Structures are given as structure tokens and as C-alpha cells.
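Asks: First the structure, which I've put down as C-alpha cells, then a few questions once you've had a look.
Rule-based calculations on the coordinates, nothing more; no lab input. Just so it is clear, the model here is predicted, and its values are computed rather than measured. Methodologically, a virtual Cβ is constructed for each residue, glycine included, from the backbone with ideal geometry; neighbour enumeration extends over all protein chains shown.
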Amino acid sequence: MKHYLLCTFLFSLLSLSVVSQQRTLSIVPEPAELIRGKGSFLLDAKTIIVAENNDAGLRHLAETFTGWLSPATGFQLKIADHAVTSVKSIELSLNASIKDIKTEEGYLLEISSNRIHLSAAKPAGIFYGLQTLRQLLPPAIEYQSKQAVVWEIPAVKITDYPRFGWRGLLLDVSRHFFTKEFVKKYVDEMARYKFNILHLHLTDDQGWRIQIKSFPGLTETGAWRVPRTGRWWTYEQPKPGEAATYGGFYTQDDIREMVQYARERNVAILPEIDVPGHSLAAIASYPYLSATGYLYPVNPGSKFYNIEDNTLNPADERVYDFLDKVFGEIAQLFPYPYIHIGGDECTKTFWKKSAVVQDFMKKEGIKSEHELQSYFIKRLETILKQKGKKLIGWDEILEGGLAPDATVMSWRGMSGGVEAAKQGHNVVMTPADNVYLDLYQGDPATEPDTYSMLRLKTCYQWDPVPRDVKPSLILGGQGNLWTESVPTDRHAEYMTWPRALALSEVFWSPVQKQQWPDFQNKLEAQFHHLRAAGINYSRAAYDVLATTTAKDNKQLFAELTTDIDSLTIYYTIDNTNPDNFSNEYKGQPIQIPEGIYQLRAVAYKDNAPAGNILILSREDLEKRARHK
Ligand code: ACM
């Protein structure tokens, strides 16, 4: 008996030590079900990849996978059509009868020491299983040069499928133009985290970015504006005779190439042509499109709202002819069933002032400008239907009555989405307070200039399905990267990651698997992947953010927080850089005594700085208190 107990004790110790040696897994988005096994699969140069039945789609995915692995491993893995005993293999198989994976994007991944078996009903599932496998490898797998690393993949069984079918990111290519090459890189980044829709905001007041053969002026004129640097909305208007040299556009061949590239990565491109507002670039190209009829320049980022007429004329048949031709070409270029028609922030100032528009409203019995906007959107829906497409628009399309089959993208909070769902319409949730990736992610003093705040935790902790609506009407959600203040590729990445990591989990993982403490624990490993892959990301969640209050307009107090839990904040008020020997912030607001003119703070983790030092002058602190 004693002997038995001793054995049991020793055995438990042994298994404990095996468990404690297991690498913590960091898969984002968190899979629906994950069971850890014993041991691991060691990827080596002799490992083969099996594309079952020599299926062409599987072969293509196997080639994609070897392409991801070869730079860092130096292996050129062989692709075979059947497994061989005694050779380690990664087997890909399509199996339409797998029931557990629920959707066409789901997959089953089983990893043991000599075999990896990945099966799915459709190639999309295999693609996502391979992305998960990529994250199970050491992060060094992302480097583009050979690494001296043991390529160990922990034994697991994963059954995985998405919560939502619509898992999008919006990239605004109008306010600043982003090249075809960057869009492809962005698609690659999205695909890593199982996003499947890239919403391209192709037109706005500051640029028209897609070639339309029926209207060449849209890109000859509309794609270019005068160059400006500085702070958006304060730029100087074009000077007389100044050349419009800043901008760019995608040719139709570029679009086809991007669509195909994205499609191979299970990403559909959703095109947005924003009408009837936000149309200054089109009006600059064809002034007859507005009721005002003035010749305006493409806006360079200066103030113009309600000064220059950026709205299409809903009373002019030539406008509907324009829309018919433009959306006809768009429908041909983008296979995705939806087209986004914008519909947001359409100022009514110029419609109110226009005799032509007002006469038209009387003639048609249209009682308000909201109803007129609704008339316009309904006509546009008819045009799209004729081209076999479905209409989606921002939540302003509710004003004056929704078009019969419209889908609503709710951005001014969730209420537009709730209203649309109550009317039985489909909804995509993109509430600005949770998904606008152009907002500050950390303290404005240490972040690139923008407006308002969206911290990582706020991205993570929301549910796209509001109470009291039929969940099946919520197609999913989307993070939106507007680019007024985001002029470069690296900056666009910085604003996207890691907030889009949080959103990927919101859109993909079952609610009970979305755990903020676990997500935080996965971040460092994900940062390692992103760094190795050359993707810029922000560590602002580890930086200190200061908010201030002034009692009786005099005594100044500062409250310090970080997004990431379990960091220790240290601060100084003597203009020296803080370290872990400085004052520890204990959670109570600090009083900033009179005469003190600087607060500095930094967060530490495990006795090392975790983020940037925040430096705020007394003036800044007082200003913040005033703006509360
Ligand atoms: C929007 O942010 N105007 C959709």
C-alpha cells in the first residue's frame, strides 16, 4: 500500500513538472474548443505535407503554408498526396461531414507527436487551421531569414469555428491613399487573425480612389489634391494655380489583383462609394453632380463643411445616370454580394437652399430633407438590385425610412443597429466608441495626434449583439480605421494592432472564451509574432494615462491608469524620469502641490519598464481638468 502511494506521489510530481514545462499557448482569436495533449510535434526538414486526394485547392493551401515556413526554417517541405508511415506528416483533408465545426470556416486540428491532421468542410477552414498552426509555432517562424530554433508545436486538439460570419476591418484609402502593395500586406495581417472582410472606403471629400471608365475625370481630377502636412481640418485651402499633386488611385486591373489576392486569403473586399454626402471629390471632377454646381477643388483636409457643397443633387436624373454607371462598374469589379453606399453625414444645407431641390420635393410630395435622402437611397437600392447587389449603408440611412432590403452598419453607437434589427433588417455593428481605430489608444501626450479615446480594453469588452434583438440579424462587426490623421503605412498598422487583435476575438470566439485576463496574457507572445513579421503595433496599453480633476478650481489631482492589469505605476513630480525606486502610485489620485510643474509616470512589470514614460506639464494637467 505504502509503495503504491509513493508511486502515485512520484507520478503526480512527474506529470506536474511535464505540465509546468508546457509552453503557454497564445492563439488569437481564442479557439472555440482546445484540449492540450501530451508532448509535441517537432517540425523538421523531412516533414511532409499531405494534400489528401491530391485536391488542387489543398495543394495550393499546402504551398501557401510551406511559403510561410520556409524563410525562417530553411525547410522546403515536400507536398505529397498520401501519408507514409514512419514519416512525420501534416495532413490536410476536406471532409464535408464534420459536424462539430458548425460553419464553412470551421476546422478540426489534431496535433500529436508524429502527425498533424487538419480537416475542414471547405478550404476556408483549412486556411484558418493553418493560421492557427502558424501561431502554435515559436514566434520566430515569422522572420524572413533562417532562425536557429527548435520548431516545436505543442500537442493539442482544436475544434474551431467563428461566432460571426462578418468579421471586418475598414481601411479609409480616401483621406490618405494607400498603395495596392500595402492593401495586400494589410489583407495578410487580417487573415492571420481570421478577419474575412476588408471594407475599402474608396471615395470621400478628399479623394476618389478607383478608376471608373465611364467617368475618367473622377481619377484625373478627383484622385489628387494639394499636398499639406500638419493637423487635419486646419490645412490651408488650395492657393490659386497650386498644383494638386498628392494622392493616387487604383486602376481596374489593380482592383482585380487585390480582390483575387484577398480572396485567396478568405477575405472579401467590400467597396464603399460614399454618397450622397462626402462627395466633394466627385463634384470637383463633375460639378453638375451638386445642386450648387460650383467648381470646387478636392478638399486637402481644410474646414469646408456647410461652406462647400459636397452633396449630390437628388433632384437631377443625370445624377442617377452617373450612379447607375459608377455602380455598374463597381458591381463588375467586386464579386462580394454587398456594396456599401455610405449615406452618412449628408449635410442638408444645400438641399434646403436649392430652388431646384425644393421644387422637386414639392412635385414628388417629399416632406423633409430626411425623406429626400431616403428617396435617394431607395433609388440607389433599385440600381444595385438591377446589378445583382445588396445595399449596405451607415446608420443615417434609417432617417426618412430604410430602403426595403438595406443592411445597416451602425456607427453612432448601437442604437441605429437596434432600430434596424427591430424593423427586421440585417445589421453590422461598428459603434465608434468600441471599434474606431483612428482614436487615441493611450495618453494623448505620448500618442500620435488624433481625437477622442478608444483603449484596448474597451475594444475587447463589448458584445456586438445587444439585448432584445434577434441575434441572427447581427451579421457581425468591424473595426474602422479612418485615416484623416493617419498618413503612412506604419502608422496605419500602429493604429490597427493590437486593437484589431481584441476585435478578432470579439468577432470569432465564443463569448465564454473571451476572457480579458487571458487575452492580456497572450499579448506579449502576439507582439513577438507581429514584431518578427515586421508589423508595427502599439504598446500603449502598457503606458500610463493621466486624468485630472481640480477641486474648487484650485487643488489639482491626477489619476493614473494603465489598460493592462497587474502593472505597477511609479511617478515623480521633481522632473526626473521615474523608475521602480520612485513613488508608487497606489490607486488614489495624487495631489499635485502648487509650484510643481511636471508629472512623470511609467508602468513596470516584473521589475522592468513595461511602457513609455509619460511627461505632462502642469499646464497640460490643468487644461485636462478644465476640459472634464
Ligand atoms: C462615419 O464615421 N462617418 C461613418
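Asks: Find how much the distance from Thr576 to His491 grows on full extension, using 0.36 nm per residue of separation minus their present alpha carbon separation; answer in nm with one decimal.
Replies: 27.6 nm
Asks: Near the amide H of Asn583, under 5 Å away, which other amide H atoms are found, from residues 5 or more places off or on another chain, if H is placed in the peptide plane?
Replies: Residues meeting the amide H criterion: Tyr571.
Asks: Another one. Using θ = phi - 60° and the Karplus curve 6.51 cos²θ - 1.76 cosθ + 1.60, what whole-Hz ³J(HN,Hα) does each residue of region 510-524 get, with Gly and Pro shown as x?
Replies: x, 3, 5, 8, 8, 10, 4, x, 5, 4, 4, 5, 7, 4, 4
Asks: Under the Karplus relation 6.51 cos²θ - 1.76 cosθ + 1.60, θ = phi - 60°, what is the ordered set of whole-Hz ³J(HN,Hα) values for region 570-581, x standing for Gly and Pro?
Replies: Rounded to whole hertz, the list is 10, 9, 9, 10, 10, 6, 9, 6, x, 9, 7, 9.
Asks: Sorted by average packing, counted as other Cβ atoms within 10 angstrom per residue and highest first, what order do 237-245, 554-562 take?
Replies: Taking the mean over residues of other Cβ atoms within 10 Å, the ranking is 554-562, 237-245.
Asks: Extent of the chain along each principal axis, from alpha carbon coordinates, in Å, largest to smallest?
Replies: Result for the chain: principal-axis Cα extents of 99, 74, 50 Å.
Asks: May I ask you to compute the full-extension gain from Ser112 to Glu559, defined as 0.36 nm times their residue separation minus their alpha-carbon distance, rounded to one decimal in nm?
Replies: Going from the current span to full extension adds 155.9 nm.
Asks: To continue, here is another question. Given the rule -39500 (n - 2.57) for each run of at least 4 DSSP H residues, summed and divided by the residues of the chain, what is its mean residue ellipticity at 222 nm, to the nearest 500 deg cm²/dmol?
Replies: Helices in the chain give a 222 nm mean residue ellipticity of -9500 deg cm²/dmol.
Asks: Along the Cα→Cβ direction, 7 angstrom out, place labels at Asp188 and Lys78. What is the inter-label distance in nm?
Replies: Going by the 7 Å Cα→Cβ label model, 2.9 nm.
Asks: How big is the gap, in Å, between the Cα center of region 363-427 and the Cα center of region 329-350?
Replies: That distance is 11 Å.
Asks: With Cβ to Cβ distances under 14 Å as the rule, what net charge do the other residues near Pro139 carry (K, R +1; D, E -1)?
Replies: Around Pro139, the surrounding residues sum to +2.
Asks: Another question about this same structure. Among Gly479, Pro464, Ala550, whose Cα lies farthest out toward the positive end of the dipole of the chain, if unit charges sit on the beta carbon of Lys, Arg (+1) and Asp, Glu (-1)?
Replies: The residue sitting most towards the positive pole is Pro464.
Asks: Going Cα to Cα from Lys363, which aspartates and glutamates come in below 19 Å? Please leave out same-chain ones fewer than 8 positions away.
Replies: The reachable aspartates and glutamates, counting only those whose Cα sits under 19 Å from Lys363, are Asp316, Glu317, Glu371.
Asks: For a quick check: with amide H placed at 1.01 Å from N, whose amide H comes under 5 Å from Tyr143's, ignoring anything fewer than 5 positions away on the same chain?
Replies: Residues meeting the criterion, in which the H sits 1.01 Å from N, do not exist here.
Asks: On to the next question. Can you give the local net charge around Tyr296? Use residues other than it whose beta-carbon is closer than 12 angstrom to its beta-carbon, Lys and Arg +1, Asp and Glu -1.
Replies: Around Tyr296, the charge tally is -2.
Asks: Rounded to the nearest 0.05, what FRET efficiency do Lys362 and Lys239 have when you use their Cβ-Cβ distance and R0 = 30 Å?
Replies: That pair, Lys362 with Lys239, gives E of 0.10.
Asks: Also: In nm, to one decimal, how far is the Glu594 label point from the Lys325 one, both placed 7 Å along Cα→Cβ?
Replies: 7.3 nm
Asks: Length gain on complete extension for the stretch Glu345 to Arg23, per 0.36 nm per residue less the alpha carbon to alpha carbon distance?
Replies: Taking Glu345 through Arg23 to full extension adds about 111.0 nm, to one decimal.
Asks: Continuing with this model, one more query. Take every DSSP beta bridge whose two residues both sit in region 91-145, then give the antiparallel share in percent to the nearest 5.
Replies: Among the beta bridges of region 91-145, antiparallel pairing accounts for roughly 50 percent.
Asks: Determine the alpha carbon to alpha carbon distance for each of Lys185/Lys513; Lys239/Lys623; Lys122/Lys387; Lys353/Lys378 and list only those over 25 Å.
Replies: Lys185/Lys513; Lys239/Lys623; Lys122/Lys387
Asks: Here's something else I'd like to know. Calculate log10 I(q)/I(0) of region 388-485 for q = 0.14, 0.15, 0.24 Å⁻¹, where I(q) comes from the Debye formula with a single equal point scatterer on each Cα and nothing for solvent.
Replies: Scattering profile of region 388-485, log10 relative to I(0): -0.55, -0.62, -1.17.
Asks: May I pose another question? Once you put a point 7 Å from the Cα of Arg263 and another 7 Å from the Cα of His627, both along the Cβ direction, what distance in nm separates them?
Replies: Going from the Arg263 label point to the His627 one covers 4.7 nm.
Asks: Net charge within 15 Å of Pro287 by Cβ-Cβ distance, Lys/Arg positive one each and Asp/Glu negative one each, not counting Pro287 itself?
Replies: Around Pro287, the surrounding residues sum to -4.
Asks: Okay, next question. In whole Å, what are the Cα extents of region 236-309 along the three principal axes, biggest one first?
Replies: 45, 26, 21 Å, listed from the longest principal axis down.
Asks: Which of the peptides 491-504, 591-604 is most tightly packed, and how do the rest follow, judged by the mean count of other Cβ atoms within 10 Å per residue?
Replies: Most protected by this proxy first, the peptides run 491-504, 591-604.
Asks: If you don't mind, another one. Pull up the DSSP beta bridges for the chain and report the antiparallel fraction as a percent, rounded to 5.
Replies: Percentage antiparallel, nearest 5: 50.
Asks: Where does each of 616-625, 505-514 land if you order them by average Cβ count within 10 Å, highest first?
Replies: Result, highest mean Cβ count within 10 Å first: 505-514, 616-625.
Asks: Go ahead and collect, in residue order, the members of region 124-147 whose backbone nitrogen is under 18 Å from a label point 7 Å along the Cα-Cβ direction of Arg36.
Replies: Answer for region 124-147: 133, 135-139.
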